[in-house]
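Encoded as structure tokens, the structure appears first; notes follow it.
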Amino acid sequence: MQQPFEQFVRALRAADVQVSVAEVLDATEVIAAVGYDDRQLLKDALALSVAKSVEEKERFDTAFDLFYARTEFKGEFDAWQSPDDLAPDEQEPAEDCEPGGGEGGDADGGASGDGSAGEAGSTEAGSTEASLAEMILAGDSQALAAAMEAAATEVGAGNIKVFTQRNYLARQMLDQMGLRDLEKMISAIDRDPEAPADGKLEALKQGRVQLFNEAREYMERQFELYARTAGEQFREEYLERTVLSNIPPRDFAIMGRVVRRMAKKLASKYVRRHRRARRGHLDVRRTLRRNMAHDGVPFETVWKYQTIQKPSVVAICDVSGSVASTARFLLLFLYSLNEVLAKLDSFAFSSHLEKISAELEDHSVEEAIPVILQKIGFRSTDYGQMLRDFRDNHLASIDRRTTVIILGDGRTNGADPEQQIMKQIYERARRVIWLNPEPLSSWGTGDSEMPAYQPYCHVAKTCNTVKQLERIIDDLMRSSVRA
Amino acid sequence: MSTSKDIHLASVEKIISGLGTVSYVASRQIATAILIAQNLDKPILVEGSAGVGKTELALSTAALLDLPLIRMQCYEGLDESKALYEWKYGKQLLYTQVLKDKIGDVMQGAVGLRDSMTQLHQFSDVFFSEDFLEPRPLLKALQYDEGCVLLIDEIDKSDEEFEAFLLEILSAFQVTIPEIGTIKAKTPPIVFLTSNNTRDLGDALKRRCLHLFIPLPEANLEEQIVAARVPDIEARLRRKLVSFVQQLRGLDLKKLPSISETIDWARVLVLLHAEDLEPDLVRETLNVLLKFEEDIRNTDKQIPEMLRQAEKVAEHGHLAATI
């Protein structure tokens, strides 16, 4: 009883459902309370005790259905059995013939050879291999399923890691079930010219094919159960570390997920942090003043509240042609940041600066990014123009609480970099952070004006993977809360 | 009382029918949650969007079992003194002021500092006894001998510290008051925590709870719910209305209407003596279902089409019923 449940827990963990030891204990109690009889009840009850969020519930559902589809194998074997049921229809005489052949074996040499091969098999290595042929002939799907289950445990089917392993493992599993002897038997009958044409050979061959399919499907299910999510996780982790401009378009969807998860992580982290900073202390001065009337006996207490400073951020994102490959992600990132921060002013530019806060606010991420890119993206860059626009329209909004983040490569097509405006921003803002997708070594090469801007940034860093982005924003949030 | 609990909560079917008697139409998942919670003495954390009946579930359970319901609404800044207990500070102070004059009597015969101290020690616990303890919801919930239903509403609105502080109560059904000692519930209360998921709850809390997610209901279930809550409404209109709401949920809206809105709308229609869903009537009452001006505007054009669809469903359902 216990073992399949442990396996199920393993499958759950593989499906990225966090199951703690305590929850396993709870689940065991739950099973004791509801029993295995009512499948739906069991599912509902287990879902209550191990899957603790909406996403986990979904994953739990899939894993549960997959896992128990495996034990419910019989259902599929019934389907397998039916062609076999058909076969016995033709072979009903053949099946009768088999014992008949055995009896006749005393007289008929060929048939007796066949019979003795079977007997030799059974004496050689116990019941399993003998029964493989028998099970096929008898259409005993339950026994086959059980044998397959046992063989699967033997070859460690649950350890499957990649999809291509499935054929190899399926073959191993069948070997474990005694496939070799089945093959021997088939070839023996095949070679034997005197073998009765009773369809037994065909039945065995057909059974073998069925068995192969069944085993392969079994391994596929194992893969779904134990390895698929792990593979996806691996892929996501890999993407987090990949340079943004190298990410192929087909992975955009996954990237969206990765970035959004990062934003959510940051958000929940800092929502809490705000609150932690908000503990009340007794305001002694005001308490005493309030209680003058009571002769200074402090009947009424007054509490002090620490007001916390929410980070106010101005983000400027380059979406010009030179950063075309990363602009998407930078915008995606801005979008996520917008969900995290209470006060974020976002701008994007190729040459002229445009405020995009409204777009980020009103549209879903899938809509917002194309809209912005279409409106202002992929033209030639002019940082000088951008800075002039910023000075004319938005400089006043920057004060000593503001953090300015600039996302861009600093390549300005030879136009005037206007670094004196950067200096003004630098002097007014609390912090200026420049995140450049290019590696440090190419700053200052060609039309890159990074060396001109760098003195006016508190931080100038290369940032071209999601991981780096996350770390930088984490630092940013932490420092702004401490203030 | 525990016997009534045992009877009402014996099986999933019993729970469903029992909650039905107090006009709460429960799905199998919900009933299973209560069954397991009862068996394992565990709190249930109920999640789901606003208005799917999370709070209602606790109220109905209390009604079903005829137990008192203690409700604690969480909010930012909620702390132990508001949730668990508080010393009646004013009363303590007042007493010390009034008793100032008595101090002479108490001290009578005491010679020297040490003697006075010993005298004082005999009275030291007077001010920190249950007389000066103001029990708040959580402590109250532990004090009912027959047990009760404790509803901790919108736990996601409270601070993280508060969550941590709940852990002792939720796992052992006891609280420790330093000055008095540990108070343990004679009968563990049935605890519901609800969350709208405005923030992720801590793992420690989740681990100690059963997690129940109530989704927006299927048409069938929703119809049953409306029937239970607004019995006056005519069957055909009900089917149409539910179908309409279900279609609304398929649209891209800021805030999808949930069960409570459906019920409200049904009530409004009954009040207006509506016989059928006319486009104009729907337009006039749509603000019951949709809470954003923008949503109402965006839906407006699609109303006739959705009504036609609803009509079809109602017809079809009707036909099916007669056959």
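Only the coordinates and a few stated rules stand behind these numbers; no lab work does. On a predicted model such as this, the values are computed, not experimentally measured, just so you know. Note that each Cβ is placed from the backbone with ideal geometry, even for glycine, and that neighbours are counted across all protein chains shown.
Below, the figures for the structure above:
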{"item": "Separation of alpha-carbon centers, region A:428-477 and region A:19-67, rounded to whole Å", "result": "48"}
{"item": "Interchain or long-range residues, amide H under 5 Å from A:Ala460's placed H", "result": "A:Trp434"}
{"item": "Protection-proxy order for peptides B:270-280, B:102-112, A:141-151, each taking the mean of Cβ atoms within 10 Å per residue, highest first", "result": "A:141-151, B:270-280, B:102-112"}
{"item": "Spacing of the two label points (7 Å from each Cα toward its C-beta) at A:Arg428 and B:Arg267, in nm", "result": "5.3"}
{"item": "Peptide B:28-37 - average C-beta neighbours from other chains (10 Å radius)", "result": "5"}
{"item": "Projected-area mean, the protein assembly as shown, by convex hull of Cα positions, square nanometres", "result": "55.1"}
{"item": "Region A:456-470 - phi-based ³J(HN,Hα) in whole Hz, Karplus 6.51/-1.76/1.60, Gly and Pro as x", "result": "9, 10, 5, 9, 10, 9, 7, 8, 9, 10, 5, 4, 4, 4, 4"}
{"item": "Reach of A:Lys423 by Cα under 16 Å, taken over aspartates and glutamates that are not fewer than 8 positions away in the same chain", "result": "A:Asp389, A:Asp392, A:Asp399, A:Glu449"}
{"item": "Local net charge near B:Gly147, Cβ-Cβ under 10 Å (Lys/Arg +1, Asp/Glu -1)", "result": "0"}
{"item": "Charge context of B:Phe173, other residues only, Cβ under 15 angstrom, K/R +1, D/E -1", "result": "+1"}
{"item": "Tilt relative to chain B, helix B:112-121 - C-alpha long axis, 0 to 90 degrees, to 10", "result": "30"}
{"item": "Number of partner chain Cβ atoms within 10 Å, mean per residue of B:12-18", "result": "1"}
{"item": "The protein assembly as shown - mean residue ellipticity at 222 nm from DSSP helices (-39,500 (n - 2.57) per run, n ≥ 4, rounded to 500)", "result": "-19000 deg cm²/dmol"}
{"item": "In Hz, Karplus ³J(HN,Hα) per residue of region B:50-63 (6.51, -1.76, 1.60; θ = phi - 60°; x = Gly, Pro)", "result": "4, x, 9, x, 6, 5, 4, 4, 5, 4, 5, 4, 4, 5"}
{"item": "Förster radius 45 Å - calculated FRET efficiency between A:Leu282 and A:Tyr168, Cβ distance, rounded to 0.05", "result": "0.05"}
{"item": "For B:Glu86, residues with placed amide H under 5 Å, excluding near neighbours", "result": "B:Glu134, B:Arg136"}
{"item": "Length-normalised contact order of region B:1-115 in % [C-alpha pairs under 8 Å, at least 6 apart]", "result": "19"}
{"item": "Förster radius 25 Å - calculated FRET efficiency between A:Glu237 and A:Glu367, Cβ distance, rounded to 0.05", "result": "0.35"}
{"item": "DSSP-assigned coil residues among GluC sites (Glu not before Pro) in region B:45-89, each with at most 13 further Cβ atoms within 10 Å", "result": "B:Glu76"}
{"item": "Efficiency of FRET from Cβ geometry, A:Gln142 and B:Arg308, R₀ 60 Å, rounded to 0.05", "result": "0.70"}
{"item": "Where trypsin sites (Lys or Arg not before Pro) fall in DSSP loop in region A:143-233, at most 14 other Cβ within 10 Å", "result": "A:Lys161"}
{"item": "Total charge dipole magnitude, the protein assembly as shown, about the Cα centre, Cβ charges on Lys, Arg, Asp, Glu only, Debye to nearest 20", "result": "6040"}
{"item": "Cα Rg, Dmax (largest Cα-Cα span) when computed across region B:202-255, Å", "result": "16.0, 48"}
{"item": "Residue-count net charge about B:Leu64 - beta-carbon cut-off 15 Å; Lys, Arg +1, Asp, Glu -1", "result": "-3"}
{"item": "Phi to ³J(HN,Hα) by Karplus 6.51 cos²θ - 1.76 cosθ + 1.60 over region A:347-358, Hz, x for Gly, Pro", "result": "10, 9, 7, 10, 10, 8, 7, 10, 7, 10, 3, 4"}
{"item": "Residues with amide H under 5 Å from that of A:Ile316, placed H, sequence gap 5 or more", "result": "A:Phe347, A:Ile405, A:Ile406, A:Leu407"}
{"item": "Residue pairs, from the table A:Lys52/A:Lys343; A:Lys304/B:Lys88; B:Lys100/B:Lys186; A:Lys264/B:Lys157; B:Lys157/B:Lys291, whose Cα atoms sit over 29 Å apart", "result": "A:Lys52/A:Lys343; B:Lys100/B:Lys186"}
